[in-house]
Amino acid sequence: MAEYVPSPIRWVREQVELYEGSGGTEGTELLDTGLRVIIVTNRGNKTGSVRKTPLMRVKDGDSYVLVASQGGAPKNPVWVHNLRADGEVEIRDKTEVTPMRVREVQDADERQRLWALAVSAFPPYEDYRSKTSRTIPVFVAEPA
Ligand code: F42
């Protein structure tokens, strides 16, 4: 089993510790927003190490929509490269952990539908989109 390497960002690392350490009964919301978070466990494409990335919970049937918003920063988050290279992940949603396969959304109509879903789950995504000139990558995680 590859080594788990925690995020270098403190609040992110602490959210993962609380969420995973409690078995999914604590740390399941973003700060004090009351909005739900999932944990994506994936592999680093260069190191092969295990990475854990909290993301907002955007559910579409049995699937999850993963939005690489990074707060509207100019560059994509590094996990985008990891998911493009290896789409086999596990998603923790509270106490449930499910193996999933991730694909990047390319189709314009699908993207539009999923973007609307994402914004209804987490309205700040729309602000992040207007802050950045990059096209924010959107992925779908489907049951493997
Ligand atoms: N980020 C989002 O983009 N969208 C969200 O909806 C979101 C929600 C959210 C909710 C709660 C929370 O606590 C955090 C949330 N975040 C959200 C932040 C998210 O969890 C990530 O922290 C953020 O997107 C930054 O991701 P990142 O992958 O760019 O993280 C950097 C800081 C990082 O971990 N860098 C590592 C490092 O050591 O510098 C590298 C990690 C890595 O994957 N390395 C690869 C490897 O092989 O191991 C190599 C990658 C390469 O190709 O260079």
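Values as computed for the structure displayed
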quantity: Of G34, G71, G48, the one that fluctuates the most in a GNM where the chain has Cα springs shorter than 10 Å; calculated: G34
quantity: Accessible area in square angstrom per residue, the chain, 1.4 angstrom probe; calculated: 55
quantity: Contact order normalised by residue count of region 20-65, Cα under 8 Å, 6+ apart, percent; calculated: 27
quantity: Percent of Cα-Cα distances greater than 19 Å, calculated over region 54-144; calculated: 37
quantity: Trypsin sites (Lys or Arg not before Pro) within region 58-100: DSSP coil, no more than 12 neighbouring Cβ in 10 Å; calculated: K75
quantity: Candidate lysines - alpha carbon under 28 Å from K75, same-chain residues fewer than 8 apart omitted; calculated: K46, K52, K59, K131
quantity: Within the accessible area of the chain (1.4 Å probe), percent carbon and sulfur; calculated: 49
quantity: Size of charge dipole - the chain - debye, nearest 20, with Cβ of Lys, Arg +1 and Asp, Glu -1, no other charges; calculated: 500
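The values are calculated or read from the model by the stated rules, or taken from the named source; none is laboratory data. Just so you know, these numbers come straight off a predicted model, no measurement behind them. Backbone-built Cβ (ideal geometry, glycine too); neighbour counts: all protein chains shown. Areas reflect the complete protein model, heavy atoms only, side chains present, ligands, DNA and RNA absent. Shrake-Rupley method; radii C 1.70, N 1.55, O 1.52, S 1.80 Å.
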